[in-house]
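Below: one structure, written as structure tokens.
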Amino acid sequence: MPDNRRFLLVRRPNGEPVEEDFSLVTEPVPELADGQFLIRNHYASLDPAIRGWMDDAPSYMPPIPLGDPVRATTVGVVEASKAEGFVPGQWVLGLNGIEDYSVGVAGGFTQPIDADAVPSVTNYLSVLGAVGMTAYFGYIEVCEPRPGDVVLVTGAAGAVGSLVGQIAKIKGAGKVIGIAGGAEKCARLTGRYGFDAAIDYRGKDVRALTDAIRAEAPEGVDIIFENVGGDILDAGLMNLRHGARIGLCGLISEYNTLEKVGARNIWQLIVHRASIRGLLVADYIARFAEGGAEMAAWLQQGKLVADEHVDAGIENSFDAFMRLFAGSNQGKMILKIA
């Protein structure tokens, strides 16, 4: 059997992760017990949420144990099996480690997928995977859209945000405004993803961001799909319309901060009788087929554009992961392992 390279978490990050928090080791491929199967991981999804799993803090998932591989959603091929329902050569999707080979268990999270049903098997990590379903159910179920809504998407050039803006247009939003970092990303929002307006947050404090949003939405926004938090959320809160809905998907601006900032303008929820609701895609797993079918149809009809940024090599795991916080990825961040 070949060796198994594994990208391990060896130290809890203190603020922004550094290379010394991780180690790339080579170990033997594990032996299989009855009911288990061996997965050759081909691709891993790199998501901001992984940063939260590295901390020893309460969350919706247990922390990654020190000495274990960094946890990620992967797609791969079954290499060997002692489990009913899993056969060699079968493509599977699961929550595994960033490693060459993972052991799956019958009845666990890993499920077979049809690689021939999509243009690229990586689509199961982007538009037809958890990212796409976060955008779909987060907007449709949590934000409760109505025709003509003015929608503000933060982190709009990211994997989730870029899809949310497009779904909002498909579902009849009156105006979709995106916030992103830099002229290039802002141009992509309007030129590629169909946003009506883009705001560059760089160089702007809360007051300047508040004014920039108000210039695009003088009567306020009905929906905020929030991926960033911090100053950007505070500026959005100062531009609410009566009865606005905020879907809280992420707070990437605070994932690497030593002191959490939080939202200082939360009182605006009272002023405008608005609501804020956290969203987690795991709540909709039973409905993934429903959301995936509609997203796939929009892709085939040319109504939806989904970009992927693939870096190759498990030895580049750290650099690829840190792209998420530098904003240097151009689409859904994926690591090619095989």
Filter the stretch 112-133 for residues that are outside any loop (DSSP other than H, G, I, E, B) and farther than 19 Å from Leu335 by Cβ and give the result.
Pro112, Asp116, Ala117, Met133
For the subset of the stretch 307-326 comprising residues that are acidic (Asp, Glu) and in a helix (DSSP H, G or I), which member is nearest to the chain's Cα centre (by Cα)?
Asp319
Could we say that Ala117 is among the aliphatic types (A, V, I, L, M) and under 19 Å from the mean Cα position of the chain (by Cα) here?
no
Within the stretch 188-196, does at least one residue satisfy the condition of being over 21 Å from the mean Cα position of the chain (by Cα), assigned by TED's automatic domain parsing to the domain that holds Arg273, closer than 12 Å to Ala156 by Cβ and of a type in the set (Asp, Glu)?
yes
Every residue in the stretch 197-208 that is small (Gly, Ala, Ser) and either over 16 Å from Gly158 (Cα atoms) or without any contact (Cβ under 8 Å) to a residue 24 or more places away in the chain (or both), please.
Ala197, Gly203, Ala208
Options Gly182, Gly203: the member that is under 27 Å from Ala130 (Cβ atoms) and small (Gly, Ala, Ser):
Gly182
Would you mind stating whether Ile266 is at pLDDT 95 or above, outside the structural domain of Pro48 (by TED's automatic domain parsing) and surrounded by fewer than 22 Cβ atoms within 10 Å (Cβ to Cβ)?
no
For the stretch 1-57, list the strands (runs of 3 or more DSSP E) that sit wholly inside it and hold at least 2 residues that are outside the structural domain of Asn316 (by TED's automatic domain parsing), closer than 28 Å to Ala83 by Cβ and under 19 Å from the mean Cα position of the chain (by Cα); which are they?
none
Working only within the stretch 1-42, note down all residues that are surrounded by 12 or more Cβ atoms within 10 Å (Cβ to Cβ) and free of Cβ contacts under 8 Å to residues at least 60 places away in the same chain.
Val10, Arg11, Arg12, Val18, Asp21, Ser23, Val25, Glu27
Checking Ser102 against (1) outside the structural domain of Ile232 (by TED's automatic domain parsing); (2) touching a Cys at 6+ places or on another chain (Cβ under 8 Å); (3) not acidic (Asp, Glu), which single condition isn't satisfied?
(2)
Tell me, please, whether a residue that is free of Cβ contacts under 8 Å to residues at least 60 places away in the same chain, in contact with a Ser or Thr (Cβ under 7 Å, 6 or more places away or on another chain) and either in a strand (DSSP E or B) or of a type in the set (Val, Ile, Thr) (or both) can be found in the stretch 96-111.
yes
Flagged in the stretch 166-185 as in a strand (DSSP E or B) and farther than 12 Å from Gly148 by Cβ, in numbering order, are Ile177, Gly178, Ile179, Ala180
I'd like the full set of residues that are touching a Gly at 6+ places or on another chain (Cβ under 6 Å) and surrounded by 18 or more Cβ atoms within 10 Å (Cβ to Cβ), limited to the stretch 49-70.
Pro69
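Conditions (1) farther than 30 Å from Val118 by Cβ; (2) assigned by TED's automatic domain parsing to the domain that holds Gly155; (3) within 21 Å of the chain's Cα centre (by Cα), marked per residue:
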| position | (1), (2), (3) |
| --- | --- |
| Ile232 | yes, yes, yes |
| Gly243 | yes, yes, no |
| Glu290 | no, no, yes |
| Gln301 | no, no, no |
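The values are calculated or read from the model by the stated rules, or taken from the named source; none is laboratory data. Only a predicted model underlies this, so the values are computations on that prediction, with no experimental measurement involved. FYI the Cβ positions are ideal-geometry reconstructions off the backbone, even for glycines, and counts take in every protein chain you see.
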